[in-house]
Amino acid sequence: MKKVLGGWYSHRLDESVNVARYGTGGQPILLFPTAGGDAEECERFLMMKVLAPLIDGGKIKIYSCDSIAGRAWIDGDLKGRTKAAIQNRFDAFIYRELVPAIRADSRNPNAEIITAGASIGAFNAVASLCRHPDVFKACIAMSGTYDFGRWMTGDHTLDYHYSSPLHFLPSFPEGPELDQLRRRFALIATGEGRWEAPEESWRIGQVLGSRGVPNRVDFWGKDKDHDWMTWREMLPHYLGKLASEGKL
């Protein structure tokens with residue numbers, strides 16, 4: 001498996017961001033880290049090992065970047081409005097900087113990307129799809145945390161509102177962007193074991209469904225905890241299924 005580790009300084013985020021790529025061909029997958037993770041977290045927790053057959057077979061290539069916004073959300077020294085502002089700047093980094101880099105690396109200016117992630121990474125996977133259906137065609141969200149109100153300490157800023165699909169989708173206006181989102185697909189998966197919150201996955205699925213966005217919520221049972229062992233089962237399962245159906 002070929003790995004490339006690079007990155008650049010982002011003026012939007014006012015810091016350097018590392019980006020890792022695993023594999024050389026196939027469907028580009030943007031895999032978001034968990035809250036405190038970095039671009040190589042997925043490798044350290046052996047996700048690349050279980051995805052190796054798909055990567056080495058040329059079916060997929062994985063891109064991952066540092067969890068800039070995730071780190072902000074769990075930083076107890078930052079105010080909620082600051083965290084939400086960083087989340088919006090991170091979204092701009094993904095759309096304006098990382099997506100063009102992935103497309104250039106893929107030598108396809110129109111490449112459509114699948115997002116994926118676990119925990120806060122699942123939030124970013126869903127939010128990216130909902131905010132930018134012009135570049136993201138599907139998401140695989142695992143054990144997601146989708147309501148960050150507890151980190152906003154009672155404040156509900158515009159940055160927070162427009163970063164959170166739970167909040168902006170119900171009132172999102174009819175039009176071409178929503179029509180395009182309705183042609184995409186969200187796979188929402190969650191365990192029901194320790195540290196899981198399956199009600200959050202159900203809630204985001206209901207909001208997506210209420211706006212006509214195709215989605216499916218999968219419950220993996222009470223023996224599946226909020227842990228990498230669970231996610232190492234989920235992601236190869238779903239990507240393998242897409243590969244077998246010729247949808248990658």
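The values are calculated or read from the model by the stated rules, or taken from the named source; none is laboratory data. What you see is a predicted model, and the numbers here were worked out from it, not measured in a lab. Cβ sites come from the backbone with ideal geometry, for glycine too, and all protein chains shown count toward neighbours.
Can you tell me which residues in region 111-137 are over 15 Å from the mean Cα position of the chain (by Cα) and either at pLDDT below 95 or among the hydrophobic types (A, V, I, L, M, F, W, C) (or both)? Write out each step before concluding.
First pass over region 111-137, keeping only residues over 15 Å from the mean Cα position of the chain (by Cα): 111, 134.
Ala111 - this is the single residue of region 111-137 that is over 15 Å from the mean Cα position of the chain (by Cα) and either at pLDDT below 95 or among the hydrophobic types (A, V, I, L, M, F, W, C) (or both).
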*When only residues in region 210-226 that are out of contact with any Gly (no Cβ under 6 Å at 6 or more places or on another chain) and within 17 Å of Ile140 (Cβ to Cβ) count, which is surrounded by the most Cβ atoms within 10 Å (Cβ to Cβ)?*
Val213
*Any residue at all in region 93-112 that is under 14 Å from Ser163 (Cα atoms), of a type in the set (Lys, Arg) and surrounded by fewer than 20 Cβ atoms within 10 Å (Cβ to Cβ)?*
no
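In region 46-79, how many are of a type in the set (Lys, Arg) and either closer than 19 Å to Val19 by Cα or touching a His at 6+ places or on another chain (Cβ under 8 Å) (or both)?
Narrowing region 46-79 to residues of a type in the set (Lys, Arg): 49, 59, 61, 71, 79.
Remaining after also requiring either closer than 19 Å to Val19 by Cα or touching a His at 6+ places or on another chain (Cβ under 8 Å) (or both): 49, 61, 71.
Counting residues in region 46-79 that are of a type in the set (Lys, Arg) and either closer than 19 Å to Val19 by Cα or touching a His at 6+ places or on another chain (Cβ under 8 Å) (or both) gives 3.
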*Mind checking which residues of region 127-139 are touching a helix residue (DSSP H, G or I) at 6+ places or on another chain (Cβ under 6 Å) and hydrophobic (A, V, I, L, M, F, W, C)?*
Ala127, Cys130, Val135, Phe136, Cys139
*Filtered residues of region 15-34 (kept if surrounded by fewer than 24 Cβ atoms within 10 Å (Cβ to Cβ) and over 18 Å from Gln87 (Cα atoms))*: Ala20, Arg21, Thr24, Gly25, Gly26, Gln27, Pro28
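Might you check whether a residue that is within 30 Å of Thr153 (Cα to Cα) and aromatic (Phe, Trp, Tyr) occurs anywhere in region 70-90? Talk me through it step by step, then tell me what you get.
So in region 70-90, the residues within 30 Å of Thr153 (Cα to Cα) come out as 70-90.
From the residues that got through so far, the ones that are aromatic (Phe, Trp, Tyr) too are 73, 90.
Yes: region 70-90 contains one or more residues that are within 30 Å of Thr153 (Cα to Cα) and aromatic (Phe, Trp, Tyr).
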*Please determine, by comparing only the residues of region 158-204 that are touching a residue at least 12 places away in the same chain (Cβ under 8 Å), of a type in the set (S, T, N, Q) and more than 27 Å from Lys247 (Cα to Cα), which one is surrounded by the fewest Cβ atoms within 10 Å (Cβ to Cβ).*
Ser164
*Residue satisfying all of: in region 152-174; part of a loop (DSSP other than H, G, I, E, B) and of a type in the set (A, V, I, L, M); nearest to Trp73 (Cα to Cα) among these*: Met152
*If you take the residues of region 234-245 that are surrounded by fewer than 16 Cβ atoms within 10 Å (Cβ to Cβ) and under 23 Å from Pro33 (Cα atoms), which of them is nearest to the chain's Cα centre (by Cα)?*
His237
_Lone qualifier among Gly57, Gly70, Gly80 - being buried (at least 23 other Cβ atoms within 10 Å of the Cβ) and not acidic (Asp, Glu)_ = Gly70
*Have a look at Asp147, Asp134 and point out the one that is closer than 28 Å to Ile62 by Cβ, touching a residue at least 40 places away in the same chain (Cβ under 8 Å) and surrounded by fewer than 17 Cβ atoms within 10 Å (Cβ to Cβ).*
Asp134
*Return the only residue of Ala39, Ala69 being in contact with a Cys (Cβ under 6 Å, 6 or more places away or on another chain) and not polar (S, T, N, Q).*
Ala39
*When residues of region 1-14 are limited to those that are touching a helix residue (DSSP H, G or I) at 6+ places or on another chain (Cβ under 8 Å) and closer than 14 Å to Ile68 by Cβ, the one surrounded by the fewest Cβ atoms within 10 Å (Cβ to Cβ)*: Trp8
*Filter region 175-205 for residues that are assigned to a helix (DSSP H, G or I) and farther than 15 Å from Ala127 by Cα and give the result.*
Pro176, Asp179, Pro198, Glu199, Trp202
